[in-house]
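One structure is given below, encoded as structure tokens.
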Amino acid sequence: MTRTSFKFFSFFSIFFFSLIFISGTSVYNEDGHYKVEVETLNSLVFNNNIETDFSFKIINNLDESQDFSLIISPQSGWDISTNEDDFVLKAGEEREVKLNFKSNSAFDYTPNVVSPDMIKISQNDEYSGFFEFPVEIVSQENVSLRFKVNIKPIKDNLKFITKIQKTKISPVSPIKFTVSSEAILDSENVEIFVNLGDYEFKKINDIFSSSIPYKIYQLNVPSSLSPGNYDVKVTVKVLKDGGESAQEWYSGETLEIIEYNKISVVEKVGKGIFRDRVELEVTNLGNVNDVFSKEFKFGFFKGLLFGTDVEDVIRTDDGVYFEIPLNKAETKKFIYSFNYLALMIVVFVILVIIVYFYVRKNSNPLAVQTQLYEVKRVKHEGVKSVKIRIGFENIKEHEIDKLKVVFRMPTYLQVKDDSFSLTEPKHVLKGDVQYKLIWDFKRFEKGDTRLLGFTVVNKKGILGDIRIPDLEMEVKIKGKTSKYYKSFSTIKG
């Protein structure tokens, strides 16, 4: 056979089997009493393991139950088994039927009759042929299926061979390897896994076919791996039967990672009226720890304006010098600048203080309302009594571990006996200039509310306005305690 004839024969064989094994879900008797869904009626096996599985789904289209039976004609040399022989499907119910065809000791490797005029004589290891298995689904309507098992010689079995190039590797000298396929009939989706010692590269998904049976790959070595000898393993995996099984081929090699030093520096310069700013981003691209060093030279006056976020800066007669240690694959950013207006710093500090107090004031997880009502006044004596109501609601935190509320008032004011409408304080303390009422609450969950109410009386008859000190709230959340304050309106005398 000439080379051209051989290529034509190979192409024809591949094309023929491609036509046979193109599969897609087929539906039978779709508008009948029931329908049958079959993914494929064909299967390809090799003669060293003549066994295959088929499956199909029966769906009851009626609003009533149906009885089903399977009739499979026996065939010499084959064991035929199924998970369902006779069964009942309720209205709308579906059932998957699985079939197994396996050759037994009575399997006959007789010559393969190709046509009435030609007989192909084959030994067992070269045996090829096909068998058909009629399956009858019997119910109110009958559906006939015909499954076909094609048997090919084991020599046609698929195989993948990997070869790893034995060279020294580093972050700039990648791992190189090849993958070649043998006896591939149709395109195959493969998964390629590569391990370098304990390091696993990202999985490679690729397609091999009879027209592209050979491919070359290379993978960059991460700089996080130290120099030394490493075992490299390349595994090629092909999924079978919709992912239920797989074939794997692998090869291994020991490669040496050599030392590699390189530091990348990216500089961003920003110039302004009040400040010149330079940001440096340094990255250790090598596979060993390294040190980045830099020296700045400038006069005395400019040195007063120099600033940086680098620690351990060494001042010299000509300027400054510093070193930055970098671990493998580590990136660090640092800034140095020349500030020409000290006022900008002052403004920034003031702004930070304002923001801090603003956040502090508005970060209270409690919504607090205070109310002064039913104020009683007596002529020539001023305010005699006032009712005070304080309400809380947890609107921010999932849970407040502890809440302490402290209410202060001048000593000339007193709480009227038995005036607490809801919760009495845990402590009542009297000092020289003021009273202090303290409430303690625990496990204050989000959405919980508390209401405090009591009456304050003025027994001394002091004229003029009455100002009550700010209400203090001590909140403890996850072990952290913060204080917040809420002011009262002035009681006009």
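The values are calculated or read from the model by the stated rules, or taken from the named source; none is laboratory data. Treat the numbers as computed from the prediction; the structure is a model and nothing was measured. Here the Cβ is made from the backbone with ideal geometry for all residues, glycine too, and neighbour counts use every protein chain on show.
Taking each residue of segment 201-218 that is free of Cβ contacts under 8 Å to residues at least 12 places away in the same chain and at positive phi and looking for partners that are loosely packed, with under 14 Cβ neighbours inside 10 Å and part of a strand (DSSP E or B) with beta-carbon atoms closer than 8 Å, six or more apart or interchain, yields nothing.
Can you say whether E393 is of a type outside the set (S, T, Y), part of a loop (DSSP other than H, G, I, E, B) and either touching a strand residue (DSSP E or B) at 6+ places or on another chain (Cβ under 6 Å) or at pLDDT 90 or above (or both), as far as the supplied structure shows? For E393, the condition - of a type outside the set (S, T, Y), part of a loop (DSSP other than H, G, I, E, B) and either touching a strand residue (DSSP E or B) at 6+ places or on another chain (Cβ under 6 Å) or at pLDDT 90 or above (or both) - is not met. In this structure, does D108 turn out to be exposed (fewer than 12 other Cβ atoms within 10 Å of the Cβ), under 20 Å from S144 (Cβ atoms) and in the same structural domain as L145 (by TED's automatic domain parsing)? Judged against the criteria, D108 is not a match.
Note on segment 429-454: residues that are more than 20 Å from K483 (Cα to Cα) and among the β-branched types (V, I, T) total 1.
Residue count for segment 254-277 under the criterion of being of a type in the set (D, E, K, R) and either modelled with pLDDT under 85 or part of a loop (DSSP other than H, G, I, E, B) (or both): the result is 6.
The set of residues in segment 17-55 that are modelled with pLDDT under 50 and surrounded by 11 or more Cβ atoms within 10 Å (Cβ to Cβ) comprises F17, S18, I20, F21, S23. Somewhere in segment 90-97, is a residue out of contact with any Leu (no Cβ under 9 Å at 6 or more places or on another chain), modelled with pLDDT under 85 and of a type outside the set (S, T, Y)? Looking for residues that are out of contact with any Leu (no Cβ under 9 Å at 6 or more places or on another chain), modelled with pLDDT under 85 and of a type outside the set (S, T, Y), one finds none in segment 90-97, hence no. If the condition is being under 24 Å from A183 (Cβ atoms) and in a loop (DSSP other than H, G, I, E, B), then segment 42-93 contributes N47, N48, N49, I50. Being more than 17 Å from Y485 (Cα to Cα) and either assigned by TED's automatic domain parsing to the domain that holds N458 or in contact with a Cys (Cβ under 7 Å, 6 or more places away or on another chain) (or both) holds for only one residue in V406, V415, and it is V415. List the pairs whose first member sits in segment 306-323 and is under 22 Å from R275 (Cβ atoms), whose second member is in a loop (DSSP other than H, G, I, E, B), and whose Cβ atoms are under 6 Å apart, counting only residues at least 6 apart or on separate chains? Close Cβ pairs satisfying both conditions: G319/F298; V320/V313; F322/V310; F322/V313. Restricting to segment 224-264, what's the tally of residues that are in contact (Cβ under 8 Å) with a residue 12 or more places away in the chain, out of contact with any Leu (no Cβ under 6 Å at 6 or more places or on another chain) and farther than 17 Å from F177 by Cα? Result for segment 224-264: 15.
Checked against the criteria, Y127 does not count as among the aromatic types (F, W, Y), touching a helix residue (DSSP H, G or I) at 6+ places or on another chain (Cβ under 6 Å) and either farther than 23 Å from N61 by Cα or modelled with pLDDT of 95 or more (or both). Within segment 277-298, residues that are without any contact (Cβ under 8 Å) to a residue 60 or more places away in the chain sit with their Cβ atoms under 8 Å from residues that are part of a loop (DSSP other than H, G, I, E, B) and surrounded by 14 or more Cβ atoms within 10 Å (Cβ to Cβ), at 6+ positions apart or across chains, in these pairs: T283/A329; T283/E330; N289/K328. Taking first residues from segment 363-379 that are assigned to a strand (DSSP E or B) and partners that are surrounded by fewer than 11 Cβ atoms within 10 Å (Cβ to Cβ), the Cβ contacts under 8 Å between residues at least 6 apart in sequence or on separate chains come to T370/S489; L372/S489. Under the condition of being closer than 24 Å to D417 by Cβ, among the hydrophobic types (A, V, I, L, M, F, W, C) and assigned to a strand (DSSP E or B), the residues counted in segment 439-473 number 9.
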